Amino acid sequence: MATLTMNVVPHAGLRTDTLLVPASAGGDSCATGQGVFLRVKNADAASHTLTFPFAQTVDGQAVTPRTVTVPAGASWDIPVLDLYANPSTGLASWTYDAVTSVTVAAIRISS
């Protein structure tokens, strides 16, 4: 599992397609927060699913992980919410069903 570098988009803008790095087979992680999102580009001929587990529980019950399916040939932006964060690390982590032709970038919009 790799921790992605947070890329900050300044007020003047930024070309974000150049920030993409290969998805890690064991999953990836990044910081969470206001204006943070994960850009996923799936250049594969098949769709790929990302799974975001929730580290917290509600009334002692585990919360069902969030899954996001990125269609073949598509780019997808996924908000990385604070509720995905693991309390011990402060990072959100996720896994991929496969990483063939999948690239990702952690991006935060400057406030």
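The values are calculated or read from the model by the stated rules, or taken from the named source; none is laboratory data. The model shown is predicted, which means the values in this text are computed figures rather than measured ones. Because the Cβ atoms are built from the backbone with ideal geometry, glycine has one as well, and the counts that use them run over all protein chains shown.
Which pairs turn up if I take residues in segment 89-111 that are touching a residue at least 24 places away in the same chain (Cβ under 8 Å) and look for partners that are among the aromatic types (Phe, Trp, Tyr) with beta carbon separation below 6 Å, at least 6 apart in sequence or on another chain?
ALA92/TYR84; TRP94/PHE52; ILE107/PHE37
In segment 24-55, how many are buried (at least 19 other Cβ atoms within 10 Å of the Cβ) and polar (S, T, N, Q)?
3
Using the structure shown, decide if LEU19 is under 24 Å from SER111 (Cα atoms) and either more than 12 Å from the chain's Cα centre (by Cα) or among the basic types (Lys, Arg) (or both). Lay out the reasoning, then the answer.
On the way: under 24 Å from SER111 (Cα atoms): yes; either more than 12 Å from the chain's Cα centre (by Cα) or among the basic types (Lys, Arg) (or both): yes.
Judged against the criteria, LEU19 is a match.
Taking segment 56-73 only, how many residues are touching a strand residue (DSSP E or B) at 6+ places or on another chain (Cβ under 9 Å) and either modelled with pLDDT under 90 or surrounded by 14 or more Cβ atoms within 10 Å (Cβ to Cβ) (or both)? Lay out the reasoning, then the answer.
Filtering segment 56-73 down to residues touching a strand residue (DSSP E or B) at 6+ places or on another chain (Cβ under 9 Å) leaves 56, 63, 65-73.
The next check asks that each one be either modelled with pLDDT under 90 or surrounded by 14 or more Cβ atoms within 10 Å (Cβ to Cβ) (or both); those that pass are 56, 63, 66, 68, 70.
The qualifying residues number 5.
Pairs needed: first member in segment 43-72, free of Cβ contacts under 8 Å to residues at least 12 places away in the same chain; second member anywhere, part of a strand (DSSP E or B); C-beta distance under 8 Å; at least 6 residues apart or different chains.
VAL63/THR57
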